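The values are calculated or read from the model by the stated rules, or taken from the named source; none is laboratory data. None of the values given here were measured: they were computed from a predicted structure. Because the Cβ atoms are built from the backbone with ideal geometry, glycine has one as well, and the counts that use them run over all protein chains shown. Please note that ligands, DNA and RNA were not included when accessible areas were found on the heavy atoms of the full protein model with its side chains. Shrake-Rupley method; radii C 1.70, N 1.55, O 1.52, S 1.80 Å.
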Amino acid sequence: MNPKIKILLIEDDRDIVSFITTSLTVHDYHICNAVTGREGLCLAASLCPDVILLDLGLPDIDGYQVLERLRVWSSVPIIVISAHSEEDEKVTALDLGADDYIIKPFGTAELMARIRTSLRHSFVSVPDRTYRALGLEIDLEKRTVKLNGQIIHLTQTEYQLLALLAQNSGKVLTYRTIIHTIWGPYADNSNQILRVNMANIRRKIEADSAQPQYVFTEVGIGYRMRENENI
Ligand code: CA
C-alpha cells in the first residue's frame, strides 16, 4: 500500500462521497473532495492528485467541461463517475480524455481495480515491451504473438490493433480512438473494418469468440483488453 497516493474526488453526492472516502481511506489513499466543478479545478491545480474521480453531474459546470479544462494542462488519470449506463455519455467522456469510467452503483473492488489500472498506466514510464495474460504472449519489440507457445500469424492491421489494445490493457479504448490511431483521422468512422479485424483476431486467439478471454467488447463503446499480468 502506498499512503502517499492522493485522490481528488469531484462529486457532490454526499452518499457517494462518504462511501468512496471510507473505502479508499481503508486502503491508505489520501482523499480530497470537491463538491463543485470550479472547486475541483482549483484543487486539481493546487494538490496535484495522482488520480481524479470525476462525477459528470455537478451543480455548477458540468463534468465534461471540467474534463476538457483539466486536459488542457494535465495528464493525470481521470476516472469518470457516471450515473447512467448510456453509451454516448461514456464515449464522450473517453473521447474528451477520461481514462476510464465507473457506473453508479459500484462496489469497492471495482473502484479499487479501476484506480490501480489508472495508476499503473501513469507510473509506467517505459511502456511494457511484453504483454502476457493466460496463455497469450505478445512481444512488442519482435512483433510476435504466441498462444500457449505457438506462433499466431496475424496480418499487419490485426497485429497493430492487438498491440494497441495490449499497450493499453485494462483500459477501455473507444471505437473512434482505435480507428483514428490505426486507420488515421480521415478514416471512415463506421466500425465495420474494425469489427472485421476484431472478428479475425478473435478467431485466431480466442477458444470461444462468443466468450472472449483476452479482448472484451464494451457494447456501444469500444474494446478493453485483459490486464497485462507481466507486471
Ligand atoms: Ca452529481
Legend entry - 21 Å tail of the calculated P(r), region 26-147, as % of Cα pairs: 47 percent
Inset, instruction - Pull out the extension gain between Glu87 and Val196, defined as 0.36 nm times the separation in residues minus the alpha carbon to alpha carbon distance; nm, one decimal. - result: 37.1 nm
Legend entry - Calculated Rg and Dmax of the chain using C-alpha coordinates, Å: 18.5, 56
Legend entry - Long-range amide H partners of Leu136 with built H, under 5 Å: Asn148
Legend entry - Accessible carbon and sulfur surface of the chain relative to its total accessible area, %, 1.4 Å: 51 percent
Legend entry - Stokes-Einstein D in µm²/s, Kirkwood radius over Cα pairs - region 76-172 at 37 °C with 0.692 mPa s viscosity: 216 µm²/s
Inset, instruction - Report, in debye and to the nearest 20, how large the dipole of the chain comes out about its Cα centre when Lys and Arg carry +1 and Asp and Glu carry -1 on their Cβ. - result: 880 debye
Legend entry - Solvent-accessible area per residue, Å², over the chain with all protein chains present [probe radius 1.4 Å]: 50 Å²
Legend entry - Estimated FRET transfer efficiency (Lys204, Met112; beta-carbon r; R0 35 Å; 0.05): 0.60
Inset, instruction - Rounded to the nearest 0.05, what FRET efficiency do Ser23 and Thr155 give with R0 = 41 Å and r taken as the Cβ-Cβ distance? Could you check? - result: 0.40
